[in-house]
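Just below is one structure, and these are the notes that go with it.
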Amino acid sequence: MPINSFEKDDKARKRAPDLERDENGHTFLTEQYIKEICDLNGQFETPYLNDTLYLHFKGFAKIECLEKYTHLKSIWLECNGLKRIEGLDFQYKLRMLMLHQNTISKIENICHLTKLVKINLSQNFIKKIEGLKGLDLLTTIDLSGNLIPDTKSCEELLYLPSLASIDLKNNVIDDGDNIVPFFS
């Protein structure tokens, strides 16, 4: 049975769009790509109508082109090549930020995300927990599989009043007698 033009267009539209590449062959985000991903996922073409973005497993190194997505509540950015947390300046409604399995070495540029409830930064290269002051609604943080050396590097966790779940497994925390008193 031959495929009619509607079925052919529908199949072509459901194919993942190609990311643009820079002169070194690295992928990067564009407004057009994000719109195409939204279309592929059955989301809205108008940026501010979306409350979730799925930008994981794409291989880009920088968060960008999100300025028009001002009503996002969750962003999935895991398994890329992200080196820094940036490009989230207009995400004031964000509640969940998934940044695991990247190459992030510092927690930064998120203190304005005051509605953030959950953040996943597992399997990165973080050595010190910082940049979280003011995230008073944060209840869950996953920092497992990083390079955190001791409880002194975790002190900023003490200033998060709503924090209920912390995952620090598979780090290099090695200050024996201090671990239990710190977390109690």
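The values are calculated or read from the model by the stated rules, or taken from the named source; none is laboratory data. Treat the numbers as computed from the prediction; the structure is a model and nothing was measured. Here the Cβ is made from the backbone with ideal geometry for all residues, glycine too, and neighbour counts use every protein chain on show. The protein model used for the area step is the full one, side chains on, heavy atoms only, and it has no ligands, DNA or RNA in it. Shrake-Rupley method; radii C 1.70, N 1.55, O 1.52, S 1.80 Å.
If a residue must be of a type outside the set (Asp, Glu) and in a loop (DSSP other than H, G, I, E, B), how many such residues does segment 127-184 contain? So the answer is 30. Confirm whether Gly81 is part of a loop (DSSP other than H, G, I, E, B), open to solvent by less than 40 Å² (accessible area, probe 1.4 Å) and modelled with pLDDT under 95. So Gly81 fits the description; yes.
Every residue, every condition in (1) open to solvent by 70 Å² or more (accessible area, probe 1.4 Å); (2) of a type in the set (D, E, K, R); (3) farther than 17 Å from Asn120 by Cα, yes or no:
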| site | (1), (2), (3) |
| --- | --- |
| Asn24 | yes, no, yes |
| Thr27 | no, no, yes |
| Tyr48 | yes, no, yes |
| Leu53 | no, no, no |
| Glu64 | no, yes, yes |
| Lys68 | yes, yes, yes |
| Ile85 | no, no, no |
| Ile104 | no, no, no |
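Among the candidates Thr103, Thr151, the residue that is touching a Phe, Trp or Tyr at 6+ places or on another chain (Cβ under 7 Å) and more than 28 Å from Pro47 (Cβ to Cβ) is uniquely Thr151. Filtered by the rule that a residue be open to solvent by 80 Å² or more (accessible area, probe 1.4 Å) and closer than 20 Å to Ile104 by Cβ, segment 156-171 gives Lys169, Asn170. Number of residues in segment 65-84 that are touching a residue at least 24 places away in the same chain (Cβ under 8 Å) and farther than 21 Å from Pro47 by Cα: the value is 3.
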